[in-house]
Every structure is written in structure tokens, then in C-alpha cells.
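One structure is given here, and the rest of the page talks about it.
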Amino acid sequence: MFLDEKSIEVRSGKGGDGICSFHREKFVPLGGPDGGDGGRGGHVILQVNEQYSTLLDMGNARVYKAESGQPGGAKRCTGRSAEDLIVDVPRGTIVKDSDGRILADLTQPGQKWIAARGGKGGMGNQHFATPKVQAPRKCTPGEKGERRELFLELKLMADVGLVGFPNAGKSSLVNKISSGRPKVGDYPFTTLEPVLGIVQTNGHSFVVADIPGLLEGASEGKGLGHQFLKHIERTHTLLFVIDGFAENAYEQFTVLKSELKAFHPKLAEKPFVIALNKDDLGIENAIKEFKKHRQKVIVTSAMTGDGCKELVQALDEAVPHVQKKKVGWESKALESSKASGKKSGWSKKA
């Protein structure tokens, strides 16, 4: 199952109340007000976790609620501020409000965004003493936390996005050139969800995304067009995988280019590589047709592996060096959330 859209509710913590208190000590008459301030409520923070690949990794929870701050104490002690609630999301998550406005675009490893700010703590009566009112009995409650409805949308982060019609051999090519293992079958729409794979070459690596097959009219929502075309938006380079054994091989390429342009003009401007697949079946006519239109192609066979090294080299040259990772890189596990055990009550102000 692939989940790329999710609605959540976030609630930050309420600030702790300030208190009304007076200093009482032997031989200290009229000690004065010493009520402490309340602690801040916890923020709800969305944080990119590179180990997450889909929104499904977030689990089934819909409501995320942070703890409230502790009330103030006597002797001008400030109440403990609540710990922030960290909510892990996959890289490439877009956060929108209920009106569809984009609030955050989480694309960097470890990137954080405060989804709901915790309420400020209230003030103790120590702050309300004046020359005329030396024993104030006034204090303020903590501010309420925020409550927001958010819509999360995932757009995969990959260096290369595979584009092609169903049964063109995209998944088989991904299996040959990368660590990705999409499902492979001899029927259309075998791939029902995007799959990421890592290609290692020349001492570094880059990421490829196998996008489910598109149909003519995908830009208008035909099939699952809108659902998966958006995942190509973030890729730097496109890999058109064309079924060279089909009679209309070159027409497939022109239709795919048209669909991308119709969905978003910038998609058609991305650098691309063409893989003319199924060379093991005999695709001389298709090769001649592409040469006739002066389109450079890499002739491949996902079945035998022929041409795959040349394809990886062409993709490696197309992907900018700054986007490549050194071989051996791993997504570091983010620190697990701290135990929610309560700390003892107060931290004294200087």
C-alpha cells in the first residue's frame, strides 16, 4: 500500500498558570509577593525522517497533542515547560492548511517546522507589585495552545524519474540497475505505487523512482495520472522507457512528452534520457525511427541486461554532482523521542 495524502490534527500544549503566593519566613515580616510564572506548553513539530518513505510510516494516528506546561510555584519558581512533540514525516512532504494554502515544504534531511506553537506560561503575582499595591493578588492563566487541521501531501524526492506506458519494462529496468525491487509481471499496471531505488556507480549513488505506467490523457486525470504525475515534479532528470517492440514506439515518446507538458510546462523542460527497451525481441525498426527524428536513445534489454551499463552512465552524467551521494551513505536514524516521564517541578529563575 502506498499512502501519499493524509489529514492530521495538531494540538499544542497549554501554558502553565502563574500563581499567587507570598513569601513566608520566620523573622521576615511582609515578605511580599513571590508567585512564579507558568511553563510554556509543548510545540508540535514536524520533522523529516529519511527512514520514512511514505506517509503510511507515520502510523494510524490522526491527532497529535503536546503536553501542557506546569503551573508556577512559590519562591518565584517557574513551572516546567513541556517537551515538544516531534512528529516524523517522510522527505518531500508538503503541508497545507484547510484552505489548500502551502504552509511548509519539507525537503531537507532533518528539516523541522513548528506546526502548532505551545501557549506561553501565565505570570505570577510577583510581576504586579507596585509602590501602591505591594501585596497584589493578581496572576494570569497560561495561554491556550493552537489547534490546527493540516493536510499532508507527499511528493517523492528522487534524482531520476522513470516515465513510460504500462508494460514498457520500467520495473524490470529498475530491478537491473538499482536496489529497488518493484513488482514485475506480464500484465499492464503491475506497478501500482511509486518505488525508489538507489543506483551505485563511479563511487557515488543517486536515486531513481519507478512511477506507475501512464496513459494518454493522464494529465486530465485518466487512469491514475494526476496521482502519480506529481511525483515526477521533484525529479531532476526524466528517463523515458519506451517499448521498442511496439509498432508505435516513437509515437509513445511524443505522447508522453505531450502529457507531461499538459500537466505542467516545466516537466517538458527537464533533461531526459530515452531507453529503448526490449532489444532482445528485435527492435531495429524502432531504432531507425528514433534516428530518423534525431533522438538519441540507449538501447536496452531488461531481460538480458544489455545496455544497462550504458544507461546508468548516461543517467550519471545527467544528474548534477551535488545531488549524488557517496557510496556507503545511509539514512541515519533520528534520535528516538525522549521518555515522557515528568521531571520534578520547578526551575528557579536567576
Restricting to region 246-277, count the residues that are in a helix (DSSP H, G or I) and either under 30 Å from the mean Cα position of the chain (by Cα) or among the acidic types (D, E) (or both). 14
Can you say whether K155 is closer than 27 Å to H231 by Cα and touching a Gly at 6+ places or on another chain (Cβ under 9 Å), as far as the supplied structure shows? yes
Can you tell me how many residues within region 102-146 are surrounded by 15 or more Cβ atoms within 10 Å (Cβ to Cβ), over 30 Å from R234 (Cβ atoms) and hydrophobic (A, V, I, L, M, F, W, C)? 4
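For region 49-87, how many residues meet the condition of being in a loop (DSSP other than H, G, I, E, B) and among the aliphatic types (A, V, I, L, M)?
Residues of region 49-87 in a loop (DSSP other than H, G, I, E, B): 49-54, 59-62, 66-76, 80-84.
Keeping just the survivors that are among the aliphatic types (A, V, I, L, M) gives 61, 66, 74, 82.
Residues meeting the conditions: 4.
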Within region 278-296, count every residue that is closer than 16 Å to I177 by Cβ, part of a loop (DSSP other than H, G, I, E, B) and without any contact (Cβ under 8 Å) to a residue 40 or more places away in the chain. 0
Checking the condition free of Cβ contacts under 8 Å to residues at least 12 places away in the same chain, closer than 24 Å to K6 by Cβ and of a type in the set (A, V, I, L, M), which residue from I102, I114 passes? I102
Single residue of region 171-209 satisfying the filter (of a type in the set (K, R) and in contact with a strand residue (DSSP E or B) (Cβ under 9 Å, 6 or more places away or on another chain)) that is modelled with the lowest pLDDT: K183
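Regarding region 22-32, can at least one residue be identified that is of a type in the set (G, A, S), in contact with a Phe, Trp or Tyr (Cβ under 9 Å, 6 or more places away or on another chain) and farther than 23 Å from E146 by Cα? Talk me through it step by step, then tell me what you get.
In the first step, residues of region 22-32 are kept if they are of a type in the set (G, A, S); the result is 31-32.
Now narrow it down to the ones that are in contact with a Phe, Trp or Tyr (Cβ under 9 Å, 6 or more places away or on another chain): 31-32.
So of that shortlist, the ones also farther than 23 Å from E146 by Cα come out as 31-32.
Yes, region 22-32 contains a residue that is of a type in the set (G, A, S), in contact with a Phe, Trp or Tyr (Cβ under 9 Å, 6 or more places away or on another chain) and farther than 23 Å from E146 by Cα.
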Is there any pair linking a residue in region 26-51 that is on the phi > 0 side of the Ramachandran plot and modelled with pLDDT under 95 to one that is of a type in the set (S, T, N, Q) and open to solvent by 10 Å² or more (accessible area, probe 1.4 Å), with Cβ under 9 Å and at least six apart or on different chains, and which? L30/Q134; G32/Q126; G32/Q134
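Hey, could you check region 30-70 for residues that are hydroxyl-bearing (S, T, Y) and out of contact with any Pro (no Cβ under 7 Å at 6 or more places or on another chain) and say which is least open to solvent (accessible area, probe 1.4 Å)?
Initial filter on region 30-70 (hydroxyl-bearing (S, T, Y)): 52-54, 64, 68.
Next, from what is left, pick out any that are out of contact with any Pro (no Cβ under 7 Å at 6 or more places or on another chain): 64, 68.
Values: Y64: 28, S68: 59 Å².
In this case the residue turns out to be Y64.
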Can you tell me which condition G35 does not meet? The list is (1) part of a strand (DSSP E or B); (2) closer than 28 Å to G79 by Cβ, and all the others hold. (1)
Taking region 258-269 and keeping residues in contact (Cβ under 8 Å) with a residue 12 or more places away in the chain and buried (at least 16 other Cβ atoms within 10 Å of the Cβ) leaves E259, L260, A262, F263, L267
Could you list all residues from region 71-91 that are open to solvent by 60 Å² or more (accessible area, probe 1.4 Å), out of contact with any helix residue (DSSP H, G or I) (no Cβ under 6 Å at 6 or more places or on another chain) and over 25 Å from P109 (Cα atoms)? K75
If we scan region 88-95, do we find a residue that is within 36 Å of the chain's Cα centre (by Cα), in a loop (DSSP other than H, G, I, E, B), modelled with pLDDT of 95 or more and charged (D, E, K, R)? no
Output the number of residues of region 306-329 satisfying the condition of being open to solvent by less than 40 Å² (accessible area, probe 1.4 Å) and either modelled with pLDDT of 90 or more or assigned to a helix (DSSP H, G or I) (or both). 8
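The values are calculated or read from the model by the stated rules, or taken from the named source; none is laboratory data. Everything numeric here is computed off the predicted structure, so don't read it as measured data. Don't worry about glycine lacking a Cβ; one is built from the backbone with ideal geometry, like all the others, and counts go over all protein chains shown. Each accessible area value is taken on the protein alone, full model and side chains, heavy atoms only, with ligands, DNA and RNA left out. Shrake-Rupley method; radii C 1.70, N 1.55, O 1.52, S 1.80 Å.
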